[in-house]
1. For the chain, with a Gaussian network of springs between Cα atoms less than 10 Å apart, report the residue from 359, 283, 45 with the top mean-square fluctuation.
2. Rounded to the nearest 5, what is the percent of antiparallel bridges among the DSSP beta bridges in the chain?
3. In cubic angstrom, how much convex hull volume per residue do the alpha carbon atoms of the chain span?
4. Using a Gaussian network model of the chain whose springs link C-alpha atoms within less than 10 Å, name the residue from 335, 21, 275 with the highest mean-square fluctuation.
5. Rank these for me by crowding, 409, 361, going from fewest to most other beta carbons within 10 Å.
6. Evaluate the relative contact order of the chain (contact order divided by residue number), counting alpha-carbon pairs under 8 angstrom at least 6 apart; express in whole percent.
7. For the stretch 285-314 and the stretch 124-199, write down the distance between their C-alpha centroids in whole Å.
8. Highest mean first, what order results for 219-228, 155-164, 392-401 on Cβ atoms within 10 Å?
């Protein structure tokens, strides 16, 4: 899993930040560096970036609201918090989260213009920020312990996972004492006091305050920068990420897309051309199919002129051929059978007789003949009847000058 780039940022120094890499266990894996956003940009390219925003520009509060619905909470917050904010409440952006330990709702607000400016500063530096969270909520407080942290000229006080503040060193003892004595506030079992190595006496005034002996005071000295403390606890503040609702960042594509853009474009062009060619070929085949069908229908009509309705000429022609071959239920009565049986006799007498016509209907073949004399027609009829598979009869005959015309009907023997 990629390491997270934690960035500690203050609007007082807009082009500067302090940063370090952090693993999934909340441990710093690199040195803590302070420098310009231009220096930070090179590192941010390969790691998801989370900004821990100095809470001096934020309003952090806890409210008792009568609803659990997120949309109703967001509508109610400005009215409930208006008395605590001196600026125009309509210019503020709020995010909310339900407190895990009681019925209160945690609220973080920021002037929209300030947040817009922060987002633009990081965008101009080519740093893709995924989340912006209050640094005052990145300490180790929970429902059993509070945390105080001294950094430069500021003190942090966190009394719950989603409730924290920044104040001056001088005010910290009084605010802490006041909270401990407040009836609605459940006192902690322990208070952690984080101080810089070169300012370990920063909490001397706090120790002099009247704090109950039941509360354990733990002094902890940290080196260099509060990121060594923030890194282990920043995830508990994710629910109050400021980049929500209308400030939710749009997902950007990976930088690798730039390398594959040409290949993808060429692939798209090839696909369009291939589909166009396929469509053209399909149209050509359709045209050929129509032309071929027209030819088949023409041949069918010529072969079977009495057929009126043509639905599927191929199937209809196959059916007609089966009938002609005698395969339509009468295997010994088809045209091909009658021609095959009578062919030898007809061809034997072809010098004396001329075949004028041939029709086939109802499993019977009628042939029209022309001969020089009637005897030749009668002899042919006799020869045909000598075939045990067929029988023949003269259905008509007539004489015209020196020619005799006759009609023979040939059919299979039953």
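Every read-out reported here was derived from the displayed coordinates using simple, explicitly stated rules and does not represent laboratory data. Quantities reported herein were computed from a predicted structural model and do not represent experimental measurements. As a convention, Cβ positions derive from the backbone with ideal geometry for all residues, glycine included, and neighbour counts pool all protein chains shown.
1. Looking only at 359, 283, 45, the largest GNM fluctuation is found for 359.
2. Numbers: 58 of 80 bridges.
In the chain, approximately 70 percent of DSSP beta bridges are antiparallel ones.
3. On the way: hull volume 132.2 nm³, N = 414.
Once divided by residue count, the hull of the chain is 319 Å³.
4. For the chain, modelled as a Gaussian network with Cα springs under 10 Å, the answer is 335.
5. Details: 409 16, 361 8.
Ordered by Cβ neighbours within 10 Å, fewest first: 361, 409.
6. Numbers: 629 pairs, mean separation 42.5, N = 414.
Rounded, it is 10 percent for the chain.
7. If you average the Cα positions of each part, the centres end up 92 Å apart.
8. Details: 219-228: 15.4, 155-164: 23.9, 392-401: 12.0.
Sorting 219-228, 155-164, 392-401 by mean packing, highest first, produces 155-164, 219-228, 392-401.
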